[in-house]
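Step one of this worksheet: look at the structure below.
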Amino acid sequence: MFVVIFGRPGCPYCVRAVQLSEQLAEKREDFKFKYVDIQAEGISKADLEKTVGKPVQTVPQIFVDQAHVGGYTEFEQYVRENNLLG
């Protein structure tokens with residue numbers, strides 16, 4: 001499983017998404033993630049909307065195996081529903 005988190009500095013939900021991903025990476029050998037700082041990478045909201053395929057109001061925007069899951073709340077729910085932390 002590969003997760004990509006698009007976020008920005010100073011975003012508390014971005015920090016929480018990274019922390020949850022770090023927990024998953026420690027517990028699961030099949031879990032990898034990448035955090036993309038949209039400001040450092042020069043990714044605009046319009047660029048993110050093209051990637052997501054719909055209007056984007058907030059970050060983080062999270063993808064699991066290239067499928068858009070949503071923000072932190074949806075990612076946390078995905079982890080719970082799929083019992084990824086065991």
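The simple spin-label model puts a point 7 Å past each Cα toward its Cβ; for residue 47 and residue 19 those points are separated by 2.8 nm. For the chain, applying the loop criterion from DSSP together with a ceiling of 16 other beta carbons within 10 Å to the GluC sites (Glu not before Pro) yields 29. What a 1.4 Å probe finds exposed on the chain is 47% carbon and sulfur by accessible area, rounded to a whole percent. For the chain, a Gaussian network of Cα nodes joined below 10 Å ranks 45, 27, 54 by mean-square fluctuation, and the top entry is 54. Length available on full extension from residue 35 to residue 68: 0.36 nm per residue minus the Cα-Cα distance, which gives 10.4 nm. Where in region 1-40 does the label zone of residue 58 land, with the point 7 angstrom along Cα→C-beta and an amide N cut-off under 16 Å? Within reach of a label on residue 58: 6-18. What you get for the chain, charging only the Cβ of Lys and Arg (+1) and of Asp and Glu (-1), is a dipole of about 160 debye around the Cα centre. Taken along the Cα-to-beta-carbon direction at a fixed 7 Å, the label points for residue 27 and residue 78 span 1.6 nm.
Convert 10 °C to kelvin, take the viscosity as 1.306 mPa s, use the Kirkwood radius over C-alpha pairs of the chain as Rh, and evaluate the Stokes-Einstein diffusion coefficient in µm²/s, rounded to a whole number. Once the numbers are plugged in, D ends up at 123 µm²/s.
Once the Cα atoms of helix 72-81 and of the chain are each reduced to a long axis, what angle between those two axes, in degrees from 0 to 90 to the nearest 10, is obtained? Taking the Cα atoms of the chain, the angle to 72-81 is about 30 degrees.
The values are calculated or read from the model by the stated rules, or taken from the named source; none is laboratory data. The structure presented is a predicted model; accordingly, all values stated were derived computationally and were not measured. We place every Cβ from the backbone using ideal geometry, glycine too, and count neighbours over all the protein chains shown. Accessible surface areas use protein heavy atoms only, side chains included; no ligands, DNA or RNA. Shrake-Rupley method; radii C 1.70, N 1.55, O 1.52, S 1.80 Å.
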